[in-house]
Amino acid sequence: MNPGELAFWDHVMKFPRIVALAAALATASTFSVPAHAGRHGDSLLAGVAGFAVGTLFGNATARPRYYAPAPVYVTPPPPVIYRPTPVYYAPAPWTPEWYAYCARKYESFDASSGTFLGFDGFRHVCI
């Protein structure tokens, strides 16, 4: 067992001891002196003993038994930075610049149809 578990079980075992002590004091103070004994200070002593027993018993039973684990702090994720999408230049179709652009970009460019031969074997329009 680690030290934290030992401290927990020590706390758990204190509770029955305190309750047993409070019960023993309550029993002893109730039956120690007969009610007709004639001593007038006994009622004050019984009241003080009852108050002490009640205080001990109330303190033992009112204590919280569950302790929440310590909070775990996690660093926030880095902020998301949005960058504008890059703008690519493409000349307007069917202009002399477009023919030159497509001829430079695609070796299989056919100027008469405006298409090129792709790796899939099909012809595609140059965009």
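The values are calculated or read from the model by the stated rules, or taken from the named source; none is laboratory data. What you are looking at is a predicted structure, and each value in this text was computed from that prediction instead of being measured. Don't worry about glycine lacking a Cβ; one is built from the backbone with ideal geometry, like all the others, and counts go over all protein chains shown.
Listed here are the residues, each with its yes/no results for (1) within 40 Å of the chain's Cα centre (by Cα); (2) surrounded by 10 or more Cβ atoms within 10 Å (Cβ to Cβ); (3) of a type in the set (Ser, Thr, Tyr).
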site	(1), (2), (3)
73	yes, no, yes
77	yes, no, no
83	yes, no, no
87	no, no, no
91	no, yes, no
94	no, no, no
97	no, yes, no
103	no, yes, no
106	no, yes, yes
Hey, among 70, 60, which residue is at pLDDT below 90 and part of a loop (DSSP other than H, G, I, E, B)? 70
Mind listing whichever residues of segment 108-121 are in contact with a Lys or Arg (Cβ under 8 Å, 6 or more places away or on another chain) and surrounded by 15 or more Cβ atoms within 10 Å (Cβ to Cβ)? 115, 116
Does segment 94-109 contain any residue that is in contact with a helix residue (DSSP H, G or I) (Cβ under 7 Å, 6 or more places away or on another chain), of a type in the set (A, V, I, L, M) and either assigned to a loop (DSSP other than H, G, I, E, B) or free of Cβ contacts under 8 Å to residues at least 24 places away in the same chain (or both)? no
